[in-house]
1. Select from segment 21-40 the residues that are in a strand (DSSP E or B) and surrounded by fewer than 15 Cβ atoms within 10 Å (Cβ to Cβ) and list them in ascending order.
2. Given LYS6, LYS43, which one is surrounded by 18 or more Cβ atoms within 10 Å (Cβ to Cβ) and assigned to a strand (DSSP E or B)?
3. Enumerate the pairs (first residue in segment 48-68 and exposed (fewer than 13 other Cβ atoms within 10 Å of the Cβ); second residue anywhere and assigned to a helix (DSSP H, G or I) and modelled with pLDDT under 95) with beta-carbon separation below 7 Å, excluding pairs fewer than 6 apart on the same chain, so at least 6 apart or on different chains.
4. I'm trying to understand the selection: among the residues of segment 46-74, which are part of a strand (DSSP E or B) and under 10 Å from ALA9 (Cβ atoms)?
5. Of all the residues that make up segment 11-31, how many are under 15 Å from THR79 (Cβ atoms) and either without any contact (Cβ under 8 Å) to a residue 40 or more places away in the chain or aliphatic (A, V, I, L, M) (or both)?
Amino acid sequence: METANKNLAQLKIGQLAIIDSFTDKLMALKLLEMGCTPGELVKIDRIAPLGDPIAINVSGYMLCLRKAEASTILVSLLTTNI
């Protein structure tokens, strides 16, 4: 089950979400090339001690993003864990 939209930087470790869209068109191209496509399941794996960068699992691999990059990804939070 999905809930309201958030950006990826707002999620906590272990949370699952579905990528919905992007807020920055230039950053969206970069993220799409790295496998962050709308409809893709994403999981927050790790967050650095000071909150930046964020390690996510997407498209079958781990990807590290800066908090500013992650905040451009809008997601629907999943209420159940896989």
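1. First, pick out the residues of segment 21-40 that are in a strand (DSSP E or B): 21-22.
Within segment 21-40, just SER21 meets the criteria.
2. Working: LYS6 fails: surrounded by 18 or more Cβ atoms within 10 Å (Cβ to Cβ).
Exactly one of LYS6, LYS43 is surrounded by 18 or more Cβ atoms within 10 Å (Cβ to Cβ) and assigned to a strand (DSSP E or B), namely LYS43.
3. Between residues of segment 48-68 that are exposed (fewer than 13 other Cβ atoms within 10 Å of the Cβ) and residues that are assigned to a helix (DSSP H, G or I) and modelled with pLDDT under 95, the close pairs are GLY51/LYS67.
4. Pass one, segment 46-74, residues part of a strand (DSSP E or B): 46-47, 54-58, 61-65, 73-74.
Once the filter is applied, which keeps residues that are part of a strand (DSSP E or B) and under 10 Å from ALA9 (Cβ atoms), segment 46-74 yields ILE47, ILE54, LEU65, ILE73.
5. Here is the first cut: in segment 11-31, the ones under 15 Å from THR79 (Cβ atoms) are 11-12, 14-18.
Next cut, either without any contact (Cβ under 8 Å) to a residue 40 or more places away in the chain or aliphatic (A, V, I, L, M) (or both) only: 11-12, 16-18.
Within segment 11-31, residues that are under 15 Å from THR79 (Cβ atoms) and either without any contact (Cβ under 8 Å) to a residue 40 or more places away in the chain or aliphatic (A, V, I, L, M) (or both) number 5.
Conditions tested, residue by residue: (1) touching a strand residue (DSSP E or B) at 6+ places or on another chain (Cβ under 7 Å); (2) of a type in the set (Gly, Ala, Ser).
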position	(1), (2)
GLN10	no, no
ILE18	yes, no
PHE22	yes, no
ALA28	yes, yes
MET34	yes, no
ILE44	yes, no
MET62	yes, no
LEU65	yes, no
THR79	yes, no
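The values are calculated or read from the model by the stated rules, or taken from the named source; none is laboratory data. In this text, all values refer to a predicted model and were calculated from it rather than measured experimentally. Heads up, the Cβs are rebuilt from the backbone with ideal geometry, glycines too, and the neighbour counts pull from every protein chain shown.
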